[in-house]
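K.L.:
One structure is given below, represented as structure tokens, and several questions about it will come after.
The values are calculated or read from the model by the stated rules, or taken from the named source; none is laboratory data. None of these values were measured; they are calculated from a predicted model. With ideal geometry, Cβ positions are generated from the backbone for all residues, glycine too; neighbour counts draw on all protein chains shown.
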Amino acid sequence: MLNICRALMGNPRLLLLDEPTLGLDPQNAKRLVNALQQIRQERPVGILVAEQSGLIARAFPERVILMVGGEIVFDGPLAQATEEGKLIEIIP
């Protein structure tokens, strides 16, 4: 959370996060997701998240890019990925 706050001090147009929930217990992971959603509502900043957790994908359903073995296998909204069965095995 501190690193995200420091990054936001520079008023970036894009916030890049690599596995922000890695190592967090479920309660703190949810708190982090809630904080990111609040940032999206209050600031004009894009958020790009590289994450394996389904929690993040569900929190930002506008666009999901799914990579398997280094190749993009899906690019679109979360609802479409779910409908097409792209996320069944990957997102718990």
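K.L.:
Any residue that is part of a helix (DSSP H, G or I) and in contact (Cβ under 8 Å) with a residue 24 or more places away in the chain - is there at least one of those in segment 5-15? Even if it seems obvious, please write down each step before you answer.
P.N.:
The initial filter retains those residues of segment 5-15 that are part of a helix (DSSP H, G or I), namely 5-8.
Narrowing the set further to residues that are in contact (Cβ under 8 Å) with a residue 24 or more places away in the chain leaves 8.
Scanning segment 5-15 turns up at least one residue that is part of a helix (DSSP H, G or I) and in contact (Cβ under 8 Å) with a residue 24 or more places away in the chain.
K.L.:
Any residue that is without any contact (Cβ under 8 Å) to a residue 60 or more places away in the chain and closer than 22 Å to A81 by Cα - is there at least one of those in segment 39-46?
P.N.:
Going residue by residue through segment 39-46, those that are without any contact (Cβ under 8 Å) to a residue 60 or more places away in the chain are 39-46.
Keeping just the survivors that are closer than 22 Å to A81 by Cα gives 46.
The answer is yes, given that some residue of segment 39-46 is without any contact (Cβ under 8 Å) to a residue 60 or more places away in the chain and closer than 22 Å to A81 by Cα.
K.L.:
If you don't mind, another one. For I72, all conditions in the list (1) touching a residue at least 24 places away in the same chain (Cβ under 8 Å); (2) outside the structural domain of L14 (by TED's automatic domain parsing) hold save one; what is the number of the exception?
P.N.:
If we test I72 against (1) touching a residue at least 24 places away in the same chain (Cβ under 8 Å); (2) outside the structural domain of L14 (by TED's automatic domain parsing), just (1) comes out false.
K.L.:
Sticking with this structure for a sec: Identify, please: which residue in segment 11-45 is surrounded by 12 or more Cβ atoms within 10 Å (Cβ to Cβ) and among the small types (G, A, S) and is, among those, farthest from E62 (Cα to Cα)?
P.N.:
Out of the qualifying residues, it is A29.
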